[in-house]
Every structure is written in C-alpha cells, then in structure tokens.
Amino acid sequence: MNAPGQSLTIKFHGAAGTVTGSCMELTLGTHAILVDCGMFQGSRGLEALNHSAFAFEPRRIEAVLLTHAHIDHCGLLPKLAAQGYRGRIWCTGGTADLLEYMLADAGRIQESEADRRNHRRDRAGDARFVPLYTEADALSAWRLCHPIGLAQWFQPALGFRARFWNAGHILGSVSVEVEANGTRLLLSGDLGPENKAFLPDPAAPAGMDHIVCESTYGNRSREKLTIEQRRERLEREVTTALARGGNLIIPCFALERTQELLLDLARLVEADRIPNVPIFVDSPLASRATDVFAAHAGELEDVDGQNIFHHPSIRYVEDVAASIRLNSLSGAIIMAASGMCEAGRIRHHLKHNLCRRESTILFVGFQAKGSLGRVILDGAQRVRISGEDINVRAQIRLIDSYSAHADRDELHAWIGSRRPLTGSLFLSHGEAEAVEGLRTLLLKEDQGAHIIAPRIGERFELTAGAPARRLETGRLDLAQKIGEDWQNDYADFITQLKRNLERIRTEQARRQAMQEMRRVLESYNSIREVRKRNRTGGR
Ligand SMILES: [Zn+2]
C-alpha cells in the first residue's frame with residue numbers, strides 16, 4: 001500500500017539527454033538517497049556543469065548506491081564528500097577496489113588542470129582557479145565505500161531496501177533494485193553486451209513497477225561476435241603488424257579494455273598463434289586496475305582461475321623514464337592510455353611511431369569527434385602532437401568489436417526480460433537519437449507502453465501499478481549545454497576540411513581548392529563588414 005505523503009520520487013540530475021553525469025535522487029518523505037554521482041564529460045559546456053552547485057543539499061543525502069567505477073558515474077563523489085556528505089557509498093567489492101585508483105587519478109587530473117590554468121592566471125594577475133577536488137578529497141570519498149555482495153538486501157535509508165544485480169558492463173558493475181513504500185523500481189546502470197569477457201550476461205528480476213534503463217546505443221546494432229571470433233580478428237591484426245617489423249601501438253582505456261586485450265593477447269601467445277614479443281602496459285592507472293582484476297580473478301569468467309595478468313610476456317611500465325626508453329624499441333606491443341589519445345603516455349608513443357612506416361596503430365575503442373584518435377582514424381596525413389607536426393606513415397587499423405555496452409537489440413532484450421512492467425519505463429543515459437531509436441523499437445511491439453525520456457531537473461512520483469507522474473519540469477537552460485557546443489562543431493569542421501582536402505589527389509588541385517575556399521572566406525568577411533556598416537551607419 002502507498003501511504004499518503006510518503007510516495008517515492010525520482011529526480012534526474014544528469015545523464016538525461018546525454019550519456020554522462022549519471023545521478024538520480026530518490027526520496028521518500030524526508031529521506032533521500034542517490035544512485036550514482038557522476039561527472040559530466042565531453043564538451044566544455046557539459047564539463048562546466050561539474051563546477052555548478054549540486055541541486056540538492058549534500059548533507060541531507062543519507063546514502064549513495066553506486067553502479068560502477070566509471071568516472072561518469074562516480075566522478076563527483078569527492079565533491080559530494082568535500083561538501084559534507086558522510087553517508088555510505090554502497091557498491092560491490094570490485095567497484096570499491098577500482099574506485100580507489102579511479103578517483104585518485106581523477107583528483108590528480110583536477111589538480112594538474114588547476115595548476116595549468118593558474119600558471120596562465122598568475123601571469124595575467126587573475127584570481128586563482130580552485131580545482132573541482134583534490135586527490136586527498138578523492139581518497140576521503142573512497143573511504144566511505146561500503147562493499148556488499150550481489151542479490152543481498154540492504155537498507156540504505158529508512159523506508160528503502162535495495163539489492164544489486166550483475167550488469168555485465170565492467171568488473172563490479174551492477175543494476176540496482178529499490179523497494180520503497182510498496183513500489184518496485186529497477187535502475188539498469190550501464191549494461192554490458194552478450195559475450196563480454198570476464199562477466200556473465202546482465203541479470204535482474206522481472207515484474208517491476210518502474211524501470212530506468214540506459215540507452216547509450218539505443219539506435220545502434222553491432223555485429224555479434226563470440227569471444228573466439230573477436231580473438232581471431234586480434235590475431236590477424238597482431239600477426240600482420242609484427243610481420244612488418246615495427247611496433248604495434250594500441251591506444252586503450254585503462255579500465256576493462258586493457259584487461260580484455262591482455263587476456264586475449266596472453267591466450268594467443270600461449271596457443272602460439274601470435275609471436276611471443278614483449279607486451280608493455282604503459283599506464284600506471286591501467287596497471288593498478290589490472291591489479292584489481294588479478295585480485296578478483298576468482299570471480300571472473302574466462303580466466304580459469306589463473307592469474308593471466310602475470311603472464312611472462314606482459315610487462316608493466318611504471319616510471320616515465322622507463323616509458324620513454326620504449327621509444328627506441330622495435331617489434332613490441334605497446335598499450336597505453338588515454339584511449340582517445342587526448343592525454344597520457346600514448347601521445348609520446350604516437351609521436352615516435354606514427355612517422356614510421358613499419359609501425360601499426362590499432363584502435364580498439366570508440367573515438368569521439370574532435371579527439372586526436374578520431375583525426376588519425378579518419379585518415380589525417382599529418383597531425384600535431386605536443387607542438388610538433390608529425391607525418392602519418394604508420395598503418396592505421398581498427399577493431400570495433402570490443403564493447404562494454406549493450407547494443408540496441410541487447411537493451412531491447414534486457415527490457416523484455418523484465419516484463420511485466422506495470423508503471424513507466426524511463427530511457428536515460430543516451431543522446432536524443434539513441435533514446436528515440438529505442439523508444440520507437442519498443443513502441444512498435446507495445447503501443448500502450450508508458451515511456452519517458454527524462455530531462456535533467458525533472459522529478460517524478462513513482463507509485464505501484466501506475467504510470468509515473470511528473471512533479472517538476474526539467475531545466476531548459478541545460479538542454480542547450482547538452483547539445484554540441486562551438487568547440488565540437490569546430491573540431492568536426494576541421495576534421496571534415498582535412499578529409500575533403502586529402503581526397504583531392506594532386507597537390508596542385510589541393511592548393512587550388514584552398515585558394516577557392518580562401519576566396520569564400522574573404523567574401524564572407526566583406527559581407528559581414530557591409531552588414532555591420534549598414535547596422536551602425538547613418539546614425
Ligand atoms: Zn560505464
């Protein structure tokens with residue numbers, strides 16, 4: 001029964017109409033808990049949101065239920081703790097262990113970003129920029145972690161009970177089931193694909209009143225490969241790359257992708273399917289994350305209980321000097337972060353290998369618009385790294401079948417397995433087209449389904465057996481920030497310009513094309529001048 005005045009409500013503070021900044025507030029009377037407290041990432045407009053005040057009073061929150069250790073789900077926990085939050089952070093043991101390194105790394109990035117800005121501000125005599133949080137704040141937040149196993153009920157605050165289910169996304173990731181005042185709610189967190197290394201397929205109970213489901217790939221269907229088929233692709237790429245005699249450079253994310261590749265590479269070496277060359281993991285964060293995987297090897301699938309991450313071919317590079325020494329090598333496999341080549345040690349490996357014909361750069365993850373990784377993958381012939389122009393002569397390759405996310409069909413199947421659903425389905429954590437794609441697919445088979453695409457700032461009342469009722473409308477001012485901003489448009493424009501110029505065969509024709517574009521730019525400027533004169537003239 002629903003007691004009057006005690007209804008469960010949900011408010012979306014992020015990851016609505018966008019894929020980052022996951023944070024949902026659940027309230028029951030005067031009690032409030034959060035599911036995730038993530039950082040906004042991507043465009044500058046979005047990242048600016050990290051610096052604005054929380055839309056709730058941090059001291060009033062009694063518990064945080066954390067789905068997993070990706071920064072867009074946990075990255076504002078240090079800010080929450082620094083502003084007075086003292087409750088528990090409920091999560092799995094795997095998430096808690098990863099969180100220590102992920103948050104500390106995020107704290108270091110915030111501090112060095114602030115140093116960089118202050119260097120400029122000091123010279124200009126401007127006020128100092130305060131980091132979003134520090135490494136010390138990050139570790140204080142991490143100490144609030146309270147690990148709990150899957151499927152065990154716990155009470156995060158009075159009137160709530162909750163339990164976690166495997167979400168199959170990354171080590172430790174969960175979906176969250178919450179019951180309050182007779183209403184059953186399931187929040188998917190990020191869902192993994194089928195055939196994911198290390199993790200069983202996502203699981204959760206059926207028969208909910210309301211569901212919040214992510215929709216990152218709600219409009220995309222991926223080719224379904226088994227782990228063995230994916231490994232065969234990697235085998236082909238590695239064999240071809242090493243036969244050229246140069247290095248194989250793999251830009252990759254420190255968490256999960258690095259470990260998936262290590263598993264595949266170690267298995268291929270063991271089976272004599274690729275040459276036994278040194279495999280360097282050149283990212284301190286990736287090394288720490290791998291330690292956590294090794295510590296949890298007993299819970300992981302596909303590792304057969306052995307410590308695959310301590311394979312004799314795998315070397316973990318700790319200090320910068322050792323990382324730089326790799327520049328003189330040839331015939332090695334070097335994995336380094338960041339995955340999109342925007343920062344980290346991958347940049348000096350690219351600097352030393354992009355210009356070598358015998359080297360290969362192999363991308364194994366998503367490259368966002370405007371990132372250096374995307375520019376290289378799109379076929380740029382020259383790139384600028386740390387102030388130096390580098391000619392691209394290396395082989396550029398891509399395997400796009402590694403993914404930590406369910407695609408459209410897998411999301412559809414996950415939602416289908418949760419039926420019957422008596423209330424509403426919220427599609428969160430997706431860009432507008434992705435949400436629309438999934439919504440259309442779901443409505444095709446059930447026209448009566450009550451599907452909501454929530455906005456940031458919207459609050460809904462959730463009761464058992466009835467559709468959700470909107471209590472507060474969303475913040476329209478944020479809708480614009482979520483959309484692509486000038487920076488993204490600019491990066492996209494430059495990428496397109498480069499690609500179009502590179503399609504023109506001869507140098508002479510390219511120069512002529514540039515001449516013509518210059519003329520367009522000049523005529524554009526003179527039109528602006530005329531307009532300006534017309535506006536101000538005569539007065
Ligand atoms: Zn995630």
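Excluding residues on the same chain fewer than 8 positions from residue 498, give the lysines whose Cα lies under 19 Å from its Cα.
The qualifying lysines are 369.
May I ask you to sort 74, 91, 355 by Cβ crowding, counting other Cβ atoms within 10 Å and putting the fewest first?
355, 91, 74
Using Cα centres only, tell me the gap between segment 311-359 and segment 86-146 in whole Å.
Answer, in whole Å: 26.
How much space per residue, in cubic angstrom, does the convex hull of the C-alpha atoms of segment 324-482 take up?
Residue-normalised Cα hull volume stands at 165 Å³.
Would you grab the residues whose amide H sits under 5 Å from the one on residue 63? Only those 5+ places off in sequence or on another chain, please, with H modelled 1.01 Å from N.
34
Can you list the HN-Hα couplings for segment 280-291, worked out from phi with the Karplus curve (6.51, -1.76, 1.60; θ = phi - 60°), rounded to whole Hz and with x for Gly and Pro?
Residue by residue, segment 280-291 yields 9, 9, 9, 7, x, 5, 5, 5, 5, 4, 5, 4 Hz.
Counting helices only, and only those DSSP H runs with n ≥ 4, report the 222 nm mean residue ellipticity of the chain as the sum of -39,500 (n - 2.57) divided by its residues, in deg cm²/dmol to the nearest 500.
So the calculated ellipticity at 222 nm is -11500 deg cm²/dmol.
Once you charge only the Cβ atoms, +1 for Lys and Arg and -1 for Asp and Glu, what is the size of the charge dipole of the chain about its Cα centre, to the nearest 20 debye?
Charge dipole, the chain, about its Cα centre: 2380 debye, nearest 20.
Any idea how far the Cα center of segment 53-69 sits from the one of segment 176-198, in Å?
Segment 53-69 and segment 176-198 have Cα centres spaced 18 Å from each other.
Beta carbons within 10 angstrom, averaged per residue: use that to sort the peptides 198-210, 32-44, 504-516, highest first.
Ranking, from highest mean packing down: 32-44, 198-210, 504-516.
Looking at segment 1-160, what % of its DSSP beta bridges pair antiparallel, to the nearest 5?
Antiparallel bridges: around 50 percent, rounded to the nearest 5.
³J(HN,Hα) across segment 431-439 via Karplus (A = 6.51, B = -1.76, C = 1.60, θ = phi - 60°), whole Hz, x for Gly/Pro?
Working through the residues one at a time gives 6, 3, 5, 5, 4, 5, x, 6, 4 Hz.
Just the number, please: Stokes-Einstein D of the chain in µm²/s, Kirkwood Rh from C-alpha pairs, 4 °C, 1.567 mPa s.
It comes out at roughly 52 µm²/s.
Say the dipole of segment 276-361 comes from +1 at the beta carbon of Lys and Arg and -1 at that of Asp and Glu; which of 298, 337, 349 then lies farthest toward its positive end?
Of the options given, the answer is 349.
Quick note: the coordinates plus some simple rules give every number you see, no bench work behind them. What you see is a predicted model; the values in this text were computed from it and never measured. Here the Cβ is made from the backbone with ideal geometry for all residues, glycine too, and neighbour counts use every protein chain on show.
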